[in-house]
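The values are calculated or read from the model by the stated rules, or taken from the named source; none is laboratory data. Since the structure is predicted, the reported quantities are computational estimates derived from the model, not experimental observations. Please note: Cβ atoms are built from the backbone with ideal geometry, for glycine as well, and neighbour counts cover all protein chains shown.
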Amino acid sequence: MCYAIPGKVTSIIDKIAKISYFGEEKQAINEIDDLKAGDYIYAQGGYIIKKLPEAEALSILAVWKETFFDLQEVDLRLSKLDLEEKGLDKKLTIILDKAADGAVLKDSELLYLLNLEKDSEIQLLYKFANFLRQKHLKNSCCVHGIIEFSNYCNQACAYCGISTHNKEVKRYRMSKEGIFAAADTAINQYGFQALVLQSGEDTHYSVDDLVEIVSTIKKRWPCLIFISCGEVGLVGLKRLYEAGARGLLMRFESSNLEVYKKLHPGRELKSRLAHLEEAYKLGYLIITGGLIGLPGQTKEDLLRDILLTRSLHTEMYTFGPFLPHPSTPLAKTPPPPTKDILKVLAVARLADPVNAKILVTTGFETLDPEARELGLMAGANSVMLNVTPEEYSKNYSIYPNRAHSNEGIQEQIETTLSLLRSIGRAPTDLGI
Ligand code: 5AD
């Protein structure tokens, strides 16, 4: 199973390699010493992950060649747009025309879009976001794997089902060998090239332990590793980068200071942001975003969340719904409607049209079984599959009844690939 298309290196200057994919040129950062022009490689998130023998690359490319162009055609057809439709609100068409011409939209215009209420107009917003996604990023869809290696957490976030509020959940920690085995399975059995290592804030694993986990996986198997273990400290970030981690997944959850403070006792938004800023400076790819539907949150807050995400040089936007967990103080707060999530995904696409990867989160899929397709047709272009061993993953209950929690990896891959195929997307990450 393969989640990337091999590319051919056409030139390397310093650490930047130019790579050709069926004639289309992309760039990626090279960290392989003996790489040279003419080599075939796999890249993820703008990093070259590994070389592969020419014969193997050519046989994979031969299979891909037809499918690749077929998928692009389907995608192009499904993302066509007609702004000439009759009866549309004038202001809306002016904003969308402006965005179609490549202009940067004003904050007030983005807010106008977030506030749309008429169904036909909301549908047009989604369609327009999908059009922009296709125009700038074509049909590639990132498929990353996530290993949740511990559900212990010493934080008391008011919404989170693995916070200290939850006295009922069965806590688990995977051993280092267990984590390596899960990574081995994901990479070598199922073909994942990018893995997120996630846990609650669990000081049982020291930075030394995390360094050992990251560096061992990197040494054994080529892959792109994102860490997602909460606030590991700025020194911790540096050490984990040196160990080989190249991405940080850390939501700032809410850019509204009041909301943040209320929901995260003992924590400061500025400390989260310091991590995200430092990580970017160190060279990490950033995955961040926030929760939608938190008590006290307004549409203006959501706009600020999107703008903050953009200002953090984010590689991948992760915005998902708040979902009430019975063992938390927010047990009785209702989740937001599907349309609010889709509007955020679509407006994020309009705010950052050219480069953004935008994730359809598992939280959104838990809220609405149609979420994945709806999100991918409203500006999103990334998904994450859970590759945590099932015995553990059922207890990573950040919210109840998580989507896919009783599906094996193979089943998740099959349903994902079949959806992607049906809407003309290629499960690839072709770099920048
Ligand atoms: N609903 C939705 N998302 C949640 N998270 C934690 N608890 C919930 C919940 N009840 C999300 C947080 C965190 C991520 C790992 O899980 O946004 O960053």
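Here are the numbers for the structure shown:
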read-out	value
Complete set of residues in segment 2-55 that are under 19 Å from residue 69 (Cα atoms) and surrounded by fewer than 18 Cβ atoms within 10 Å (Cβ to Cβ)	2, 20, 22, 23, 24, 25, 26
Condition check for residue 224: in contact (Cβ under 8 Å) with a residue 12 or more places away in the chain and touching a Gly at 6+ places or on another chain (Cβ under 9 Å)	yes
Test: residue 227 is within 24 Å of residue 175 (Cβ to Cβ), crowded, with 21+ Cβ neighbours inside 10 Å and of a type in the set (A, V, I, L, M, F, W, C)	yes
Any hit, segment 298-312, residues being farther than 28 Å from residue 124 by Cβ, in contact with a helix residue (DSSP H, G or I) (Cβ under 9 Å, 6 or more places away or on another chain) and modelled with pLDDT of 95 or more	yes
The lone exception for residue 12 - which of (1) assigned to a loop (DSSP other than H, G, I, E, B); (2) modelled with pLDDT of 90 or more; (3) more than 26 Å from the chain's Cα centre (by Cα) it fails	(1)
Contacts under 7 angstrom Cβ, first residue in segment 415-432 being over 17 Å from residue 133 (Cβ atoms) and assigned to a helix (DSSP H, G or I), partner β-branched (Val, Ile, Thr) and at pLDDT 95 or above, 6 or more apart	416/383
Residue list for segment 295-350, restricted to those being surrounded by fewer than 22 Cβ atoms within 10 Å (Cβ to Cβ), away from the ligand (no atom under 15 Å from the Cβ) and in a loop (DSSP other than H, G, I, E, B)	296, 298, 313
Restricting segment 244-262 to residues that are outside any loop (DSSP other than H, G, I, E, B) and crowded, with 23+ Cβ neighbours inside 10 Å, the residue that is nearest to the ligand (Cβ to nearest atom)	253
Residue, modelled with the lowest pLDDT, within segment 21-56, restricted to residues that are among the acidic types (Asp, Glu) and over 20 Å from residue 195 (Cα atoms)	24
Among residues of segment 138-155, those that are over 30 Å from residue 420 (Cα atoms) and either part of a strand (DSSP E or B) or more than 12 Å from the ligand (Cβ to nearest atom) (or both), counted	3
Complete set of residues in segment 354-376 that are part of a loop (DSSP other than H, G, I, E, B) and either surrounded by fewer than 22 Cβ atoms within 10 Å (Cβ to Cβ) or within 13 Å of the ligand (Cβ to nearest atom) (or both)	354, 355, 361, 368, 369, 370
Positions within segment 263-294 being in a helix (DSSP H, G or I) and either outside the structural domain of residue 334 (by TED's automatic domain parsing) or among the polar types (S, T, N, Q) (or both), in sequence order	271
Inter-residue pairs, beta-carbon under 9 Å, first away from the ligand (no atom under 11 Å from the Cβ) and in segment 383-401, second hydroxyl-bearing (Ser, Thr, Tyr) and assigned to a strand (DSSP E or B), 6+ apart	392/150
